[in-house]
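Accompanying notes for the structure given below.
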Amino acid sequence: MSKYSIIVPAYNEEKTLRLFYNAVTPLFATLQEDYEIIFVNDGSTDGTEVVLEELAEQDNKVKVCSFSRNFGQQAALLCGMELSCGDAVIAMDADLQDPPEVALQMIEKWKEGYDIVHGKRRKRRGDGLFKKATASLFYGFTRKITGLDLPQNVGDFKLYSRRVVDTLLSMNEHDRLLRAQTGWVGFKQTFVEFDRPERVAGSTHYTVKKMVRLAQAGIFPNTEYTLTLPIKLGLLFGFCSAACLITFIVLACSGIDFGGLTAWLFPFIGGLVSILLVCQGLANMHTAMIYREVQNRPKYIIDKRINFDK
Ligand code: UDP
Ligand code: MG
């Protein structure tokens, strides 16, 4: 008999958690196999903790882990994986945007021998135009510069086999985007398609700032492109300035009025300074990331656990 671990990051989800529990448990009960639901309360400030304590009280398959503050969805997923003991681990959002019946299809695929089963969004009713456009840009750009197999329209709704979970846990990065890491680990992967509904209650917790942070975690640990970019830009700018200089000399020798060198100097220096600052900024971002790795602080801090064996 297999055991499944469902891991659910929850940040201010007091309105959705009972609905999630009521939708998921009857479905998993039909499997007649063992399962656990690990809710990771990511430093919620609403009644999430109270609701989770009530659910854990009524059902010992519900396990709850609360963080000392908000560490982010990726940290919550990582924690859920660390605490899980299932043969397969399924990551789902608390807001029922990841339909529970699709999780059962993922289990079928796992039984066929796949190690990672991605939930692929066919339609995204819950997401606005801005989110769809920025996501599409991010995936295209990141795929190009990292060379990672980062499928379009795939989020964190996935099933991972135990050996994939163990591999992901052995990767020690502090800044991580699981979606990028699954592209890196390999193994046999497949998709289950679904139409993504709207949130069952409440609204998204992803601010633009959080999305930018997530994008950085997907890009910087996975590429050296941003470090070699200054060389390419430097060569390009050097080539352009040499071409300008030659043009000026030719124009000056031919007596043609081109507005004088000083008229060209301001945009030229402005362009140069902006390129230098962008390159410096990219290098700083890498440095900040290395600094976080060297500091080696915990990736999250657990405040409380309920229903875990030890
Ligand atoms: N979440 C979290 N920590 C955060 C933000 C979100 O644990 O800092 C959880 C949230 O409770 C939900 C999942 O991550 O279960 C996805 O978040 P959300 O629905 O806000 O994102 P969206 O679906 O809009 O991308
Ligand atoms: Mg959502």
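The values are calculated or read from the model by the stated rules, or taken from the named source; none is laboratory data. Since this is a predicted model, take the numbers as computed values, not measurements. Here Cβ is always computed from backbone atoms with ideal geometry, including for glycine, and neighbour counts include all displayed protein chains.
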Original post:
What are the residue pairs meeting all of these: first residue in the stretch 26-39, first residue farther than 14 Å from Val62 by Cβ, second residue at pLDDT 95 or above, Cβ atoms under 6 Å, and 6 or more apart or on different chains?
Top reply: Leu27/Pro100
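Considering each of Val89, Val40 in turn, give the residue that is assigned to a strand (DSSP E or B) and under 16 Å from Ile301 (Cα atoms).
The unique qualifying residue is Val40.
Quick check on this structure: which one of Leu276, Leu265 is more than 30 Å from Val64 (Cβ to Cβ) and surrounded by 14 or more Cβ atoms within 10 Å (Cβ to Cβ)?
So the residue among Leu276, Leu265 that is more than 30 Å from Val64 (Cβ to Cβ) and surrounded by 14 or more Cβ atoms within 10 Å (Cβ to Cβ) is Leu276.
Can you name every residue in the stretch 136-172 that is closer than 22 Å to Ile90 by Cβ and charged (D, E, K, R)? Give the derivation first.
Within the stretch 136-172, the subset closer than 22 Å to Ile90 by Cβ is 149-171.
Across the stretch 136-172, the qualifying residues are Asp149, Asp156, Lys158, Arg162, Arg163, Asp166.
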Subject >> Subset of the stretch 113-128 (residues that are over 14 Å from Asp149 (Cβ atoms) and either modelled with pLDDT of 95 or more or assigned to a strand (DSSP E or B) (or both)) >> reply: Gly113, Tyr114, Val117, Gly119, Arg121, Arg122, Lys123, Arg124
Original post:
For the stretch 206-223, how many residues are closer than 20 Å to Asn153 by Cβ and of a type outside the set (Val, Ile, Thr)?
Top reply: 8
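Anything in the stretch 147-176 that is hydroxyl-bearing (Ser, Thr, Tyr) and part of a strand (DSSP E or B)? List them, or say none. Full working, then the answer.
Residues of the stretch 147-176 that are hydroxyl-bearing (Ser, Thr, Tyr), as a first pass: 160-161, 167, 170.
Within the stretch 147-176, Tyr160, Ser161 meet the criteria.
If the requirement is being polar (S, T, N, Q), more than 16 Å from ligand 2 (Cβ to nearest atom) and touching a residue at least 24 places away in the same chain (Cβ under 8 Å), which of these qualifies: Thr182, Thr167, Thr134? Walk me through it before giving the result.
Numbers: Thr167 fails: touching a residue at least 24 places away in the same chain (Cβ under 8 Å); Thr134 fails: more than 16 Å from ligand 2 (Cβ to nearest atom).
When all the criteria are applied, what remains is Thr182.
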Subject >> Residue identified as among the β-branched types (Val, Ile, Thr), on the phi < 0 side of the Ramachandran plot and more than 16 Å from ligand 2 (Cβ to nearest atom) among Val208, Val200, Val250 >> reply: Val250
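For every residue, the table says whether it meets (1) modelled with pLDDT of 95 or more; (2) of a type in the set (Asp, Glu); (3) crowded, with 21+ Cβ neighbours inside 10 Å.
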| site | (1), (2), (3) |
| --- | --- |
| Glu33 | no, yes, no |
| Asp42 | yes, yes, yes |
| Leu52 | yes, no, yes |
| Lys63 | yes, no, yes |
**OP:** Just need a number here: residues in the stretch 178-233 that are part of a helix (DSSP H, G or I) and either away from ligand 1 (no atom under 14 Å from the Cβ) or of a type outside the set (Lys, Arg) (or both).
**Re:** 28
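Can you tell me how many residues within the stretch 51-93 are within 16 Å of the chain's Cα centre (by Cα) and touching a residue at least 60 places away in the same chain (Cβ under 8 Å)?
Pass one, the stretch 51-93, residues within 16 Å of the chain's Cα centre (by Cα): 70-81, 90-93.
With touching a residue at least 60 places away in the same chain (Cβ under 8 Å) added as a condition, the list becomes 71-81, 90-93.
Total satisfying the criteria: 15.
What are the residues in the stretch 186-197 that are of a type outside the set (Gly, Ala, Ser), surrounded by fewer than 17 Cβ atoms within 10 Å (Cβ to Cβ) and more than 16 Å from ligand 2 (Cβ to nearest atom), if any?
In the first step, residues of the stretch 186-197 are kept if they are of a type outside the set (Gly, Ala, Ser); the result is 187-197.
Next cut, surrounded by fewer than 17 Cβ atoms within 10 Å (Cβ to Cβ) only: 187-188, 190, 193, 195, 197.
Listed by number, the residues that qualify are Phe187, Lys188, Thr190, Glu193.
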**OP:** Determine the pairs where a residue that is assigned to a loop (DSSP other than H, G, I, E, B), located within the stretch 5-16, has a partner that is among the basic types (Lys, Arg) and within 12 Å of ligand 2 (Cβ to nearest atom) with Cβ atoms under 8 Å apart, the partner being 6 or more residues away or on another chain.
**Re:** Thr16/Arg199
**OP:** Select from the stretch 44-69 the residues that are within 16 Å of ligand 2 (Cβ to nearest atom) and not acidic (Asp, Glu) and write down the one among them that is farthest from Asp175 (Cα to Cα).
**Re:** Thr48
Original post:
Given the conditions (1) within 16 Å of ligand 1 (Cβ to nearest atom); (2) assigned to a helix (DSSP H, G or I); (3) at pLDDT 90 or above, which single one is not true for Leu104?
Top reply: (1)
**OP:** Could you give me the residue pairs with C-beta distances under 6 Å whose first residue belongs to the stretch 113-129 and is more than 13 Å from Asp98 (Cα to Cα), whose second residue is part of a strand (DSSP E or B) and not aliphatic (A, V, I, L, M) wherever it lies, and which are 6+ apart or on separate chains?
**Re:** Tyr114/Thr190; Asp115/Ser161; Ile116/Tyr160; Ile116/Gln189; Val117/Thr190
